[in-house]
1. With a point put 7 Å past each Cα toward its Cβ, work out how far LYS424 is from GLU325 in nm, to one decimal.
2. Mean Kyte-Doolittle of at least -1.0 plus a Cα span of 18 Å or more along the axis: flag which DSSP H helices in the chain meet both, please.
3. Which pairs break 20 Å Cα to Cα here: LYS235/LYS445; LYS235/LYS424; LYS461/LYS601; LYS445/LYS601?
4. What does the charge count around ASN47 come to, taking other residues whose C-beta lies under 14 Å from its C-beta (Lys +1, Arg +1, Asp -1, Glu -1)?
5. Could you tell me the calculated FRET efficiency between SER183 and LYS651, based on Cβ-Cβ distance and R0 = 56 angstrom, to the nearest 0.05?
6. Multiply the residue gap between ASN354 and GLN530 by 0.36 nm, knock off their C-alpha separation, and tell me the result in nm, one decimal place.
7. Among residues other than TRP510 whose Cβ falls under 11 Å from its Cβ, what is the net charge (Lys/Arg +1, Asp/Glu -1)?
8. Based only on Cα atoms, what Rg/Rh ratio does region 262-314 have, Rh being taken as Kirkwood's radius?
Amino acid sequence: MKKSIFMLLLFFLLIPIAFAAGNGEVLFTIGVHVEPFGETYQGFTGNNNNSYWNAVFFKRHCDDLKKLADLVEKYGGKLTIQVQSPFTEVLIESKDTLLSDLEKRGHEIALHFHEDAHLGPKSENLPISDWVKAMKEEIDLIKNAGVKNPVLYWSGGNLYPNLLVAAEQAGLKIYGDWKNPRSQTVEEELTGLHPWRPAGGFENGSAENLSQDNPEGTIIYLPQGITDAEAFGNKTNIVKQEGLEGWLDVIAKDLRDTVENADPDKINVFHFTVHPGEMVGDIKNPYYDLERFLREEVKPLTNSGKVRWATFAEKAKAYEEWEEEKPEIPQVANNNSKGKITFVINVHDIANVNESADTIERFISIFEKYGVKGDFYFTAPIVQLYMEQRPDIIQLIKSSGMTVSYHFRPPHIAYTGFDRPLQKISEDRQIKMLRDFETFRLDLKTGKLDFSQSGGFTLLKEVFGKAPICASALNPLWKPIQLPIYLEMGAKMTLMYHEGGTLMENPYEWEQGLLIRPSDFGVTSWKDPQDPNSKDKFWWNMVCTRQSEIYRPTNYLKEQLESWQGIRDPFITVIIHENNTYADGQTWYPMFHDSKGNPLKPPYKTELNLTKFRPLEESEKIWQYYEELVKFASNNMEVITSEEIYEMAVKSE
């Protein structure tokens, strides 16, 4: 693997505890965020509610950190305490040894970086050099406060597209706790229990690059574990209505779910985050709820060996060791690899039905021209709209023999941010409700079901005469319930990742009776190889730029095939959404989300259309590049869809 292993291992040599990789245990810790109360080192005021320059307030939070550490240590645990100025400045000026004392006791000291507190407003528009400078300043303050170990982990700065580049240049290695600071929500792609190396940052309102694994990456991302993303976005109300006990009950369920789904062949992680003073609770019986959680939930799991305490740096070290200890796979040069390639088209543009239908017609025309098939992932609402407004497209899809698969979008009850009703009911009712959403028609305006008409997975099965081959269920909260339903309804495959994650020695893996769609790499987005500071860009957004040749998908595919070093031909996935060819951005998104990304409540704005259409020249250039890619693949590779992949998997057994 071409990554900065040496430098990362050099840092990790200072971490004393080693972890056996891949034994099914969950590595657990509690993170602490120290917020920027008062004027920071850079002269900005991060939080006006109080100030660490106030000696009483400062001491109160210092005392709480000590008590938190004492309580966690009582149960064999450790914290990862993430600090920033002005807290660090006051420690230095008062010669307080708090951080060095906690570090000596085994707790990790890391960086919590509120960008607006250190870079001012509109920090997302600043150059990388400004971010690097501010991050280094904050790290230097931590070191000057007495911390001896390297500062490896940071949280914050989440919306800056070049965040990973800036952090790496500042010397940081580990990232986590991603949350949209505007909406206070977590993208479902960033939830899970296995670390990865992100392919890029958060860009154009999408976490797609951040959620994709790039084995060559230098930053390790630590997810929180299996989490209730909706509950995390609603934490304030839960605490207000149910108190700390109610919130810790949410954490306890997430921890149990993570332990239950731990993979013995991978690194499994879980953590949650608190703030100084947050866990005190009743002043007559301080920390009662937190101690109850540690005693009743965490201790039995650590005693049984299912959970082990580990700081974020120790988790990253375990992941690094796991990468190195994976079974050696013989590498065979295969510079003329044929490759198996799948053209996936995700279809969902309910805002522009005619444009969507015309685009499907053009895709099919290209595939038929070169004698191959595409894999079309339809939502039920777009199929319903085709039936009502463009029945010719339904007939074309059926007669063309293209592969039909299934995915869903808001306001489907399993979509992150719209799944709160599922949280409030029993498992039996959850199963019934999820089955109903795959059986009956979803009213896009009200979010309710029309039990007189077919919808969901069932609609596609009825309209196209057979069950969709692959069914997507990416929300980890409901996947365990959804997959058996899809299997029962006739699906044969599902997704666990988008474009990378297939095992070299065993490309055909199964989950609850469904084949996991294999993919070794994708032809969707990548970095400029001549610019080490560049970020992943979607090729269709680059066709009319000076870098168009670098982002020409056929060129990129050829390079990847030439460099393939595997014992088998690679599985390649080419993903595009139909609206990418004619529109810039997610056309349906504003119907169901406000300007800050928060899910709206019904009635939804289904009449709202804020589509930004691409210029005709740009659109035609996209089609030119796409057809060129299909032509190359048809002449030099094996073009397959989910249907053929499933048949190959069955024959291999």
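1. Going from the LYS424 label point to the GLU325 one covers 4.6 nm.
2. Correct list, ordered by number: 55-74, 128-144, 235-260, 353-369, 616-636.
3. LYS235/LYS445; LYS461/LYS601
4. So the surrounding residues net to -4.
5. So the FRET efficiency works out to roughly 0.75.
6. That pair, ASN354 and GLN530, stretches by 59.3 nm at full extension.
7. Charge balance in the 11 Å sphere: -2.
8. Radius of gyration relative to Kirkwood radius: 1.06.
Values in this text are rule-based calculations from the coordinates and carry no lab data. Keep in mind it's a predicted model, so treat the numbers as computed, not measured. Using ideal geometry, Cβ is built from the backbone for each residue, glycine included, and neighbour counts are taken over all protein chains shown.
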